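Heads up, the thing below is written out as structure tokens.
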Amino acid sequence: MLGMRSHIEFHDSNPSEAEKPRHIDGPEASLDYSPLPRFTGRSLAMGALVSMGGLIFGYDTGQISGFLEMPDFLSRFGELDSDGVTYHFTNVRSGLIVGLLSIGTLVGALVSAPIADKIGRRISICLWCLVVSVGFVIQVAAITSWEQIMIGRLVAGFGVGALSLLVPMYQAETAPPWIRGALVCTYQLFITLGIFLAACFNYGTYTHQKDNASSWRIVVGLGWIWTLILGVGILAFNETPRFDYRRGRIDQAKQTLMRVYGAPANHYAIHVQLEEIASKLRAETQAKSGIFEMFKAPRMTYRIILGVLLQMFQQLTGANFFFYYGTTIFASVQISSFVTQMILNGINFGVTFIGLYLVEHYGRRKSLIVGSVWMFACFMVFASVGHFLLDQETPTNTPTAGIILIVFACIFVLGYATTWGPMVWTLIAELYPSRYRARAMALATASNWTWNFLIAFFSPFITSAIDFRYGYVFAACNLVAGAMVYFFVLEGQGRSLEEIDTMYVEHVKPTKSSQWEPPSPEEMARIRREAGTEVDAPPVNEGSTYSGETAGR
């Protein structure tokens, strides 16, 4: 078996003699080595449609900050002030309304993993879209009970959390290696689009329906559009080839790869990919698959901890500090909070396109490390100016400080949206072997949602105690995150999922991972045997890949 690296360049040019398989006396002699397109209509459609799960995520999280300032929402679900006229939300009540979505997503991410392994990724996505829709119904039907809004967001969170696991997994298990990073990053791109659309719709309904329930009910109701598109549209796509292969549907897996790769049945890229899937499947079947056995598998505890930390640090970059609580700095130049959200979220969405380029042209490691240093510098300036120069009681008294804060908030968003925002989802999607991918990704994603809730709930209390010095905490977290990537994260740019798995099992040094070359089939088998994941297995392919017969079945 040869690594996928040998065919990654097929979309650019014909492989040289050195790049072709070393042994071409058998079935490989008749394989097609013609160039493959970098993108196909199927891969682009998959990236756009499946990423609607990210749009649902972003839209649901982005709308609530505007609701908390809408007069009708305040009078229905807030608490009456002592003057008997105005309403407000306490830190506890607003924290629960905002944060219960994250608790729901935490549960949804964990529960959806075994379901996805049982019924498949495709049907699971459809099922959880229905759950999100039910959460929207509960919220729209609320009249005066803030608890109903809270429960509605909790139920919607179940579905959003499940989709945050299933969407990157579906894309990673289906996409060609040379565009996998960019396609998985489209999930984050659509998250930013959802947040931006929510900010725009909030502004529109606040402007034209300010004093009635339409100001917030219209925004919630529009969320059904995204869930309908994803829930129904996913039925037009096939199951992931790796899930099909594990269930013995080898011909279907092959057909899916052919359509996504834009390759004929006898193309070398299809041949190698099926060989790698078969080899990894056979290796995995030698081990038990229970939840506790997962931690005993080669390097899985290491990778699970790494995934949990990556998702934790994505939240601790401090991005939500700007998106949730950045209204004060814009007030210093008399810009309303609704316009504030549109500005920040518009930048967040627009520059994420840059991240799609960076992930496949400069790799994961370099981009994340540079992003960490970039965000560290921004937070140091932001925290210092905010604490020492800004008049926090009357921000309009210090417009110059406010302008500096706005500029560095926008520069921060540029760094986050092009690196840590999209690329962490790519790393999590390619970090684990197929056998454990759903459950391991669920644990990592649960970490993201746990820290999302903690930051959303506690930030108002922390900022009221230490004001802009809170930014120093995030600055330190960004430095630690960059160091973690440098010392522990392997470069997966252009590699198949099976190659990345082998790199971790082989203890490849992160600093040398971009130069690593896939070993020979015999060496790959020896590595797995020594790691305890394979016992002297027969050759991967003796015609079985194409006949539909395989030991992995």
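The values are calculated or read from the model by the stated rules, or taken from the named source; none is laboratory data. Source: prediction; values computed, not measured. In this analysis, Cβ positions are derived from the backbone assuming ideal geometry, glycine residues included, and neighbour counts consider all displayed protein chains. Each accessible area value is taken on the protein alone, full model and side chains, heavy atoms only, with ligands, DNA and RNA left out. Shrake-Rupley method; radii C 1.70, N 1.55, O 1.52, S 1.80 Å.
Overview of values
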item: Extension gain (nm, one decimal) between HIS507 and ILE305, 0.36 nm per residue minus Cα-Cα; result: 71.2 nm
item: Calculated FRET value between VAL480 and ARG38, using beta carbons and R₀ = 41 Å, to 0.05; result: 0.70
item: Highest average packing first - 249-258, 37-46, 104-113, Cβ atoms within 10 Å; result: 104-113, 249-258, 37-46
item: Relative packing of peptides 412-420, 374-382 - highest average C-beta neighbours within 10 Å first; result: 412-420, 374-382
item: Percent RCO, i.e. relative contact order, over the stretch 99-240, from Cα pairs under 8 Å lying at least 6 residues apart; result: 34
item: Placed amide H near HIS267: partners under 5 Å, 5+ positions off or other chain; result: ASP32
item: Estimated Rh, the stretch 351-497: Kirkwood, alpha-carbon pairs, angstrom; result: 17.0
item: Segments 68-80, 308-320, 123-135, 51-63 sorted - mean Cβ within 10 Å per residue, highest first; result: 51-63, 308-320, 123-135, 68-80
item: Ranking by accessible area, most exposed first, for ARG247, ARG365, ARG495 with a 1.4 Å probe; result: ARG247, ARG365, ARG495
item: Accessible surface of the stretch 377-436 [probe 1.4 Å, protein heavy atoms]: carbon and sulfur percent; result: 68
item: Per residue, in Å², the accessible surface of the stretch 455-510 once ligands and nucleic acids are set aside, probe 1.4 Å; result: 36
item: Accessible surface of the stretch 50-138, 1.4 Å probe, proportion on carbon and sulfur as whole %; result: 69
item: Residue order for HIS208, HIS387, HIS271 - accessible surface, 1.4 angstrom probe, largest first; result: HIS208, HIS387, HIS271
item: Selection from TYR245, THR207, ALA142, by position along the positive dipole direction of the stretch 128-275 (Cβ); result: TYR245
